[in-house]
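Quick notes on the structure that follows.
The values are calculated or read from the model by the stated rules, or taken from the named source; none is laboratory data. The structure presented is a predicted model; accordingly, all values stated were derived computationally and were not measured. Neighbour counts run over all protein chains shown; Cβ positions are idealised from the backbone, glycine included.
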Amino acid sequence: MSCTKDEDNDYFEAAEFYQKSCDMGIIVECYSLGQYYFEGKGVKQNYSKSAELFQKSCTARLASGCTLLGILYTNGVGVNKNTIKALELFGNACDMKDQHGCDEYAEIKRSE
């Protein structure tokens, strides 16, 4: 299903807002912008940019940023595939009480 022009415009405006907020250091907005780049909402889909923004949010201790960056490393999307790095990121997210990160960590450990 495709978006209407109004929805496309809403995503574009939201992406602009997230970018400005991220530039001002509002980390949760960097994470949100990363999701937009991953999904191609309001911006051209760019997995590398998404990974960069998830890294920024993870470095600032936003657990969900670590989890999504770990998923990118697990699958080699926007970054080189690196299970060791993914495991580290999932572990960090789990330490910050992110259940999704804990689940991903456990899944990798089970498959070793």
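Which residue pairs have Cβ atoms closer than 6 Å, lie 6 or more positions apart in sequence or on different chains, and pair a first residue in the stretch 23-42 that is of a type in the set (A, V, I, L, M) with a second residue that is not in a helix (DSSP H, G or I)? That search, which allows pairs on different chains as well, returns I27/A60; I27/L62.
If the condition is being buried (at least 16 other Cβ atoms within 10 Å of the Cβ) and of a type in the set (V, I, T), then the stretch 27-70 contributes I27, V43, T67.
Residues in the stretch 82-112 that are surrounded by fewer than 21 Cβ atoms within 10 Å (Cβ to Cβ), touching a Cys at 6+ places or on another chain (Cβ under 8 Å) and either among the aliphatic types (A, V, I, L, M) or at pLDDT below 95 (or both): M96 only.
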